[in-house]
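The values are calculated or read from the model by the stated rules, or taken from the named source; none is laboratory data. Everything quoted here is computed from the prediction, not taken from an experiment. Here the Cβ is made from the backbone with ideal geometry for all residues, glycine too, and neighbour counts use every protein chain on show. All accessible areas refer to the heavy atoms of the entire protein, side chains included, with ligands and DNA or RNA removed. Shrake-Rupley method; radii C 1.70, N 1.55, O 1.52, S 1.80 Å.
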Amino acid sequence: MSHTAEHNEHAGGGTKEVIKITVYLTVLTIIELLIGFWMIDIPLTSVGLRMGLKGAIVILMMAKAFYIVAYFMHLKHEMKNLIMTIVVPLALFIWFIIAFLYDGNSFKNLRNTYDPYFKEQSTKKVEKKEHGAAGKHEEGKVEEKAAH
Amino acid sequence: MATTATAPTTKSWGGGKSPFNVEYGKVMMWYFLMSDAFTFGAFLISYGTIRFSTNGWPDPNEVFKSFPFAPEGMNAPLVFVSIMTFILIISSVTMVLAVQAGHNMDKKGVVKNLIWTIIGGIAFLSCQAWEWNHLHHEGAWWGSNPFLNHDGTASSTNFTNYFFTITGFHGFHVFSGVIINIIMLIMAVTNKFEERGHYLMIEKAGLYWHFVDLVWVFVFTCFYLI
């Protein structure tokens, strides 16, 4: 029974806290969705605004992640030793994300500069295919199938 | 021993007390979840790298605009996925309530909240099954992408490959979570925890379930919103 007693001691705010965090998560999700709906009407040409809104969504996502881990998973009320063994290794993600996304972006720029075929193919507009005709690039193939 | 008593916070590793103050199983569940976070992180970062290295990408509002029982061609972007998100948040809340009921040795509360959590998990899986089925009918699958990029250029299969792999892996986690919660429910109903004198196992199942919710926060943002 000693375990139960220990846990009650640092159990946090109880049901009141759960309701508070639920409200936070709901509000954050609704703001994310509102930004998402707003972004539908923003043209692709306004790159800066779209990037800014996507950045805002990522910040809201991190806030949601914090509330889930800190309160629902109870990490905020654990000992500092335990928090550190979990949070410090996860800090590697900061480097992972920066390094890999930078690398992907650099690869795109290199290909656009030195591979004219890649640039041409990925900037050529195409007609939207009809429902169910996925993956069949040549029109002849579709007609041939219909003839059989 | 008088020195340890006067300065307890600075002597965590001095012996005579538990430095983490949680039981073994919970520490190990945290480390398992950390490794799982790296697995999901690797998937999502790989997706991000490919997306950053491509000129165009499909518009999620064009791909995910359908709703069950809605007429063909209805345009309802973000609606269905926001329902899925709220289902998972609410099931996470009922799981917290189950864990709290366990602390108070309240068997009835544990059983009631576990049942709600399981219902939420099954509802989420049903939504995902419908969405996968719908996309499959539209011609989307691993290696097949019927959608165009947002700017009207031809799209590669990277989009569908990553979408089905990552949501599939997450869905498999939800499925395992539901199985674990059903086992917890059976153990609670058959008084296994009452005999042990504590409901600490519910806490570990709860950690896993919250992690599943946490991963969905990232998947939802990366695939449906941005």
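A few comments on the model shown:
- Taking the criterion of being under 22 Å from residue B:82 (Cα atoms) and in contact with a helix residue (DSSP H, G or I) (Cβ under 8 Å, 6 or more places away or on another chain), the residues of region B:49-68 that qualify are B:57, B:58, B:60, B:61, B:63, B:64, B:66, B:67, B:68.
- Per this entry, residue B:72 is counted among residues that are open to solvent by 30 Å² or more (accessible area, probe 1.4 Å) and out of contact with any Asp or Glu (no Cβ under 8 Å at 6 or more places or on another chain).
- There is at least one residue in region A:71-91 that is more than 7 Å from chain B (Cβ to nearest Cβ), among the small types (Gly, Ala, Ser), surrounded by fewer than 13 Cβ atoms within 10 Å (Cβ to Cβ) and out of contact with any Gly (no Cβ under 7 Å at 6 or more places or on another chain).
Residues checked against (1) over 30 Å from residue B:58 (Cβ atoms); (2) among the hydroxyl-bearing types (Ser, Thr, Tyr); (3) surrounded by fewer than 20 Cβ atoms within 10 Å (Cβ to Cβ); (4) more than 13 Å from every other protein chain (Cβ to nearest Cβ):
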{"position": "B:118", "(1), (2), (3), (4)": "yes, no, no, yes"}
{"position": "B:121", "(1), (2), (3), (4)": "no, no, no, yes"}
{"position": "B:130", "(1), (2), (3), (4)": "no, no, yes, yes"}
{"position": "B:147", "(1), (2), (3), (4)": "no, no, no, no"}
{"position": "B:151", "(1), (2), (3), (4)": "no, no, yes, no"}
{"position": "B:160", "(1), (2), (3), (4)": "no, yes, no, no"}
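- Condition check for residue B:55 on (1) in contact with a strand residue (DSSP E or B) (Cβ under 8 Å, 6 or more places away or on another chain); (2) open to solvent by less than 50 Å² (accessible area, probe 1.4 Å): one failure, at (2).
- Filter pass, residue B:46 being in contact (Cβ under 8 Å) with a residue 24 or more places away in the chain, more than 10 Å from chain A (Cβ to nearest Cβ) and among the polar types (S, T, N, Q): no
- Filter result for residue A:64 (facing chain B (nearest Cβ under 7 Å), in contact with a Leu (Cβ under 9 Å, 6 or more places away or on another chain) and open to solvent by 30 Å² or more (accessible area, probe 1.4 Å)): no
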